[in-house]
Each structure stands twice: as C-alpha cells, then as structure tokens.
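All of the numbers you see were taken from the coordinates with simple rules; none came from a lab. From a predicted model like this one, the values you see are computed outputs, not experimental measurements. For neighbour counting, all protein chains shown are included, and Cβ atoms are generated from backbone atoms with ideal geometry for every residue, glycine included.
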Amino acid sequence: MALQSVSPKSHELSREELLGAAARLRAEVARRIVGQEVVIEEILMALLAGGHALLVGVPGLAKTLMIRSVSEAMDLDFRRIQFTPDLVPSDITGTEIMEEDSATGARSFRFVKGPIFANIVLADEINRAPPRTQAALLEAMQEHRVTAAGETMELPEPFFVLATQNPIEQEGTYPLPEAQLDRFLFDVRVGYPDEETEIGILRSTTGLDFEPLRPVISGPETRALQRLVRDIPAADPALRFAARLARATRPAESEASEMVKKYVRWGAGPRAGQALILGAKAHALLAGRFAVAPADIIRVAKPVLRHRVLPNFAAEAKGITAEQIIEQLLEDVKPPKSEIKL
C-alpha cells in the first residue's frame, strides 16, 4: 500500500514537515485505539527517542493491539514473538540449517534469521520466557546487533522492541532482571479506561471488523525524526535537573531524601538521566517545540524511573510503591525556572 502524503526525499524534509509526519502517525493510530492517549503518547515518545518500551497492564487492555496499530501506521517491518516457557534463544535470533546441493551433493550450513531481524519487534508477554531466552534480547536491545553462529549481524534500522507484561499473573512467569529492565527507555503502565471511554470501546469493537490503518510515515522519516529529537537543545539547567532527579533516587547520595534512604534498595543509574533527557526531547517535539523545558522532564519522570527505582523490604511491608517514591521525589527536587511556554 502506498504511503499517504510521504515525500520520497523524506531525509530532506524540513522540521515542520517532520512534525507533520509525527502528527499523522498519532492521528492514524487514534483512528483505531479509543482512549489511552497517555499510553499512545508514551509509545510514540519512546519510538522518536529511539528507545524500547515495556507495556505493563492486566489482560484485555489492548496492549498488543496498540503496538500492532503503531506498526501498521508505519512503513516498517514488523514481527511478533509470543513468549512462552519453552521458547529458546534460537527461536528469537535464528538458527543454522544444513542444505544439500542437489547437483553436487555438497552440504553446507545456512543461517536463517529469526524474528528479531525486524524494525518493530513485539515481545508479547515477555516475562513468560526463562532468563536464558530473555537474555537473547539484551545484545539486540542495547547494541542493535545479534551474535549467532559465530557471526555478528547488524539489525535493521530503525529498531524497536515493544514488550508487554501481565503484572498480576505469577504462575509460569519469570521476573525480568534489572539489567534487562534498564534497557527499556519507558515502563508504560496501561490502566483501566473510564466509563465513557469504555462505552466507546464497546461501540467501536462490537460491530464490523477494524478498517486497516494506512502507513503514514516511512522508515527514512522515522530516522529523520530520531535525529531531530537528538538535535533539540537541552540547556544546562535542564541537564542538571535530570541529573539531580536520577541522583536523588540513590540512597547513598547526599541528595537523597529521608524517604529514599529509608525505602529504596537501589536507585537509578546514569542511563536514567539519559532517558529523562531523550524522553523530554521527544515530548517537546510532539508538542511542536524545539527546546526542552523542565515540565518535559517531569512528564517523562514516571515512565523513566518506575522500573529503575527498587523499593526495599521495608517499603514492601508498608505497601509503598516505586510510583509513590517517585511522586515524593518530584515534590522534593525543585525544577529550575523556565521561560518556555508549554
């Protein structure tokens, strides 16, 4: 299917044209997904920032549908991996097969690429696979390459892993290790819809089949948008604010509050500060601005920090969650003044 309103020279598009491409993507996904605007925005911010996203929510909240809808609206290669306890690493990365030449009888091995070789990879119910299989994603997520059959192969660009996780079912699941969680730019929480939104969902999903979404943004445009996000300036006060937020989550730091010292086992590392700035730049771009404001950093603080702040046993005993710790943190760490109008 032909792209809608996409220039063949997308790498030469102006800032305004790239903003238009991002707006088209958001509008096209909204044609299918009722409500969940915050979740869609966070997925798009992760994509524009060039990061991966973990969607956490109970079954039936359209997590998989949201990811599929985003992939349909983009002219990119999409693969879905259904994680199960019997999944092995080669099911993700690929495997070698032996082939025989019918003419000469000579045999040779050929590597068959797995579903990880795609632009958008949906890792459905990622916590159902054992750690050995989850680890197969680590190199791909961090380095955008795969080592298999003694050879290192580059993954196609752009490359995103969008994973889903059920937070309530524990039987037959394996918690993601902290090192893998840290590779996700955002931890996106998908909640229940309000009453009017739920009525809209019932209205739109109990009639005829969904209309197919049109691909409205190309691969080169996506890469150009990612470059544009990184080109957006973040002034020194914004950088210092992001660093202070990340450092304030660490119990051993002097900047840590009493709540953090009492209830946090491990805080966020430097990668959290990078995610705060990149996420803030993507948020500014989606808002049509080309500078980062403190409010952009505050907007992405929860999805960036909630999977990087680990409450200790005392917090768990009192029912104190990472979300509550982050909320208190945002009250304690004051943002710098900004002249940017949101």
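Amide H contacts under 5 Å for Ala148: Met153, restricted to partners 5 or more places along the chain or on a different chain, H placed in the peptide plane at 1.01 Å from N. For the set Lys261/Lys281; Lys63/Lys302; Lys261/Lys334; Lys262/Lys337, the pairs lying more than 28 angstrom apart at their alpha carbons are Lys261/Lys281; Lys262/Lys337.
Percent of C-alpha pairs per 20 Å bin in the chain, short distances first: 28, 57, 14, 1.
Among the DSSP beta bridges whose two residues both lie in the chain, what percent are antiparallel, rounded to the nearest 5? Kindly include the intermediate steps, with their values, before the conclusion.
Values: 13 of 33 bridges.
Within the chain, antiparallel bridges account for around 40 percent of the total.
Residues whose amide H lies under 5 Å from that of Val188, counting only those 5 or more places away or on a different chain, are Leu54, Leu55, Val56; hydrogens are built 1.01 Å from N in the peptide plane.
In percent, how large is the relative contact order of region 205-265, given Cα pairs closer than 8 Å and 6 or more residues apart?
Working: 22 pairs, mean separation 9.8, N = 61.
Value for region 205-265: 16 percent.
Distance between the pseudo-spin-label points of Thr205 and Arg227 (7 Å out from Cα toward the beta carbon): 3.9 nm. Quick one: angle between helix 294-305 and the longest Cα principal axis of the chain, in degrees between 0 and 90, rounded to 10, please. The helix 294-305 is inclined about 60 degrees to the chain.
Grab the eigenvalues of the alpha-carbon gyration tensor for region 1-145, scale each by 5, take roots, and send me the semi-axes largest first in whole angstrom. Provide the component values of the computation, followed by the final result.
On the way: eigenvalues 220, 101, 36 Å².
That gives 33, 23, 13 Å for the three semi-axes.
Calculated [222 nm] ellipticity per residue, helices only, for the chain: -12500 deg cm²/dmol; basis is -39500 (n - 2.57) per DSSP H run with n ≥ 4, divided by all residues, nearest 500.
Put the Cα centre of region 89-108 next to the Cα centre of region 235-276 and the gap is 50 Å. Computed from Cα positions, the angle between helix 63-72 and the longest principal axis of the chain comes to roughly 60 degrees. Separation of region 36-60 from region 66-82 is 13 Å, based on Cα centroids. Distant-in-sequence amide contacts of Ala235, defined by a placed amide H-H separation under 5 Å and a gap of 5 or more residues or a different chain, comprise Val292.
Entry note, the chain: relative contact order of 22 percent, from Cα contacts under 8 Å with a spacing of 6+ residues. Judged by the mean number of other Cβ atoms found within 10 Å, the most tightly packed of the peptides 213-219, 44-50, 193-199 leads the ranking 44-50, 213-219, 193-199.
If you line up the long axis of helix 195-205 against the longest principal axis of the chain, both from Cα atoms, how many degrees apart are they, to the nearest 10? So the helix axis and the longest Cα principal axis differ by about 10 degrees. Ordering Tyr263, Tyr192, Tyr174 from the fewest to the most neighbouring beta carbons within 10 Å gives Tyr192, Tyr174, Tyr263.
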